[in-house]
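Asker: This structure is in structure tokens; I'll ask about it shortly.
Bear in mind these aren't lab numbers, they're just calculated from the coordinates by the rules spelled out. All figures in this text were calculated on a predicted structure; none of them were measured in a lab. Cβ placement follows ideal geometry from the backbone for every residue including glycine, while neighbour counts extend to all protein chains displayed.
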Amino acid sequence: MLRFASLGSGSKGNGTLIESGNTRILLDCGFSLGETELRLHRLGCPPQSLTAILVTHEHGDHASGVGRLSRRYNLPVWLTVGTYHAMRDTRFAQTHYINVHQELAINDLHVAPFPVPHDAREPCQFVFSDGARRLGILTDTGSYTPLIVQMLQRLDALMLECNYDAQMLADGPYPPSLKSRVAGRYGHFDNRQSSELLRQLDLSGLQHLIGMHLSENNNLPAYAHKALCAGADCEQNWIQLADQQDGIGWCELC
Ligand SMILES: [Zn+2]
Ligand SMILES: [Zn+2]
């Protein structure tokens with residue numbers, strides 16, 4: 001059985017747990033060591049029980065806690081060469097490199113990486129599978145490519161970025177340079193892009209749809225909900241949003 005949970009999601013820190021059998025992967029760690037331990041325990045997952053840490057890209061909200069957690073609990077870290085060289089703290093217990101066009105296996109979990117347009121050195125996102133069910137994760141992407149659309153077809157679960165509402169960003173407090181960075185091709189997904197991408201996917205087997213990485217300044221949960229629900233053509237109460245403080249509890253794929 002494949003299951004997943006979020007330690008928290010947003011510009012102040014990200015971490016996602018993916019588990020199959022005895023294999024438990026933490027995807028990204030943008031929290032301090034103490035905060036990570038606390039959030040892992042909240043999900044009934046002592047840090048000692050982790051198998052590995054995977055990193056999508058070097059931005060602090062995804063990578064700031066990786067080095068410390070790896071050293072403290074002797075955990076191997078998987079990441080692209082570009083991400084490795086762009087990270088400040090790379091004293092990992094063990095390092096494994098990801099080729100973004102090549103699937104890999106970490107014990108019971110199949111991991112299929114794919115590159116995304118984002119303003120980092122060599123960012124990627126992932127589809128995880130236990131051989132039967134597939135979970136796709138897409139955050140920190142400014143646009144979607146044909147490969148992304150292909151990778152996310154016929155998933156059983158999808159965690160999808162809904163970073164901002166275009167109008168709120170335009171009217172909001174960010175300086176012009178930051179506004180254009182966020183909204184650019186290498187920035188983040190807005191609600192409309194998430195909705196548009198969903199319409200291009202075969203969602204007939206989807207059991208869970210989770211909105212991720214919502215901006216606290218430039219979005220409202222109600223807007224993200226509405227966009228996801230329109231894109232997936234489903235009931236609003238079927239969709240969950242992972243927030244910064246609480247993330248989401250375990251979701252199982254049957
Ligand atoms: Zn991020
Ligand atoms: Zn980022």
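Asker: So for L50, L26, fewest C-beta neighbours within 10 Å to most, what's the order?
Answerer: Lowest count first: L50, L26.
Asker: Have a look at L138, L43, L228 and tell me which one the Gaussian network model of the chain (Cα, springs below 10 Å) gives the largest fluctuation.
Answerer: L43
Asker: Rounded to the nearest 0.05, what FRET efficiency do R71 and S177 give with R0 = 35 Å and r taken as the Cβ-Cβ distance? Could you check?
Answerer: Details: r = 36 Å, r/R0 = 1.02.
Calculated transfer efficiency: 0.50.
Asker: Still on this structure, please answer the following. Quick one: which residues, 5+ away or cross-chain, put their amide H under 5 Å from the amide H of L54? H built at 1.01 Å from N.
Answerer: Residues meeting the criterion, in which the H sits 1.01 Å from N, are L26, L27, D28, W78.
Asker: Report, for the chain, the % of DSSP beta bridges that are antiparallel, rounded to 5.
Answerer: Roughly 60 percent of the beta bridges in the chain run antiparallel, per DSSP.
Asker: Tell me which chymotrypsin sites (Phe, Trp or Tyr not before Pro) from the range 37-87 have a DSSP coil assignment and no more than 15 other beta carbons within 10 Å of their own. Could you put the intermediate results ahead of the total?
Answerer: Working: sites: Y73, W78, Y84; in loops: none.
Filter output for the range 37-87: empty list.
Asker: Where the only charges are on Cβ atoms (+1 Lys, Arg; -1 Asp, Glu), what is the dipole of the range 2-246 about its Cα centre, to the nearest 20 debye?
Answerer: Dipole of the range 2-246, to the nearest 20 debye: 460 debye.
Asker: I need S64, S204, S6 ordered by Cβ neighbour count within 10 Å, fewest first.
Answerer: Least to most surrounded, the residues fall as S204, S64, S6.
Asker: Could you calculate the contour length gain from N217 to Q236, that is, 0.36 nm times the residue separation minus the distance between their Cα atoms, to one decimal place in nm?
Answerer: Between N217 and Q236, full extension yields an extra 4.6 nm.
Asker: What residue among G187, A112, C29 has its Cα farthest toward the positive end of the dipole of the range 2-246, where the charges are +1 on Lys, Arg and -1 on Asp, Glu, each on the Cβ?
Answerer: Of the listed residues, the answer is C29.
Asker: Also, I was wondering about something else. Excluding T36 itself, calculate the net charge of residues whose Cβ lies under 12 Å from the Cβ of T36, where each Lys or Arg counts +1 and each Asp or Glu counts -1.
Answerer: +1
Asker: Percent of Cα-Cα pairs more than 15 Å apart in the range 138-235, please.
Answerer: That fraction is 58 percent.
Asker: What is the order of S129, S180, S195, fewest Cβ neighbours within 10 Å to most?
Answerer: Ordered by Cβ neighbours within 10 Å, fewest first: S180, S195, S129.
Asker: Percentage of Cα-Cα pair distances in the range 2-246 greater than 22 Å, rounded to whole percent?
Answerer: For the range 2-246, the fraction of Cα-Cα distances above 22 Å is 50 percent.
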